[in-house]
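The values are calculated or read from the model by the stated rules, or taken from the named source; none is laboratory data. A quick note: this is a predicted structure, and the numbers were derived from the prediction, not measured. Using ideal geometry, Cβ is built from the backbone for each residue, glycine included, and neighbour counts are taken over all protein chains shown.
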Amino acid sequence: MQLEERVRKRRLARRNATLFTQIELSGLLAVCVVLLILFMMLPSPPHHPLPLDLAVVSHSVPLPEARQEDAIIVTIVRDGRVFFRNYKTTLDDLPGAIKGAVRDGAKRKVYIKADARARYADVEAVIGAIRQAGILDAVFVTESR
């Protein structure tokens, strides 16, 4: 008799039970907000993470416009690799990249960051590619003593 009564109570409990089908999102939202704040507080990566030893000169002129976000910066590394802004490129693709940057509104001035120990032939080839893009105003970025 007790067994039948227990079975009947279980059946009634199952019929009256409702499923809880909602997901609690407050914990997820709290984690997302914390991650958002952390990523906003982290410093941005350096503008140019390449190992580069610029030429040191006695009478340099400050170029604050070279630090602008849309400045056209071409970097020549010691081993001859060429970078347009922060992206590796080839000498064949460099004129097109420069023309695209000018078309997007960048100033018609190229800032060349050449490693002090880069080969002259590599620098000369980059200057030729810049002229091929139709830019005659090229400036070397150096360090002062």
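Report, by residue number, each residue of region 89-145 that is farther than 15 Å from Ile73 by Cβ and touching a Pro at 6+ places or on another chain (Cβ under 6 Å). Matches in region 89-145: Gln132 only.
For region 55-79, a residue qualifies if it is surrounded by 15 or more Cβ atoms within 10 Å (Cβ to Cβ) and over 22 Å from Leu136 (Cβ atoms), and the qualifying residues are Val77, Arg78. Take the residues of region 63-92 that are in a loop (DSSP other than H, G, I, E, B) and over 18 Å from Glu124 (Cβ atoms): which is modelled with the highest pLDDT? This residue is Ala71. Within region 107-122, being surrounded by fewer than 17 Cβ atoms within 10 Å (Cβ to Cβ) and under 17 Å from Ala66 (Cβ atoms) holds for Lys107, Arg108, Lys109.
Listed conditions (1) over 19 Å from the mean Cα position of the chain (by Cα); (2) among the hydroxyl-bearing types (Ser, Thr, Tyr); (3) closer than 16 Å to Ile135 by Cβ are all met by Thr89, apart from (1).
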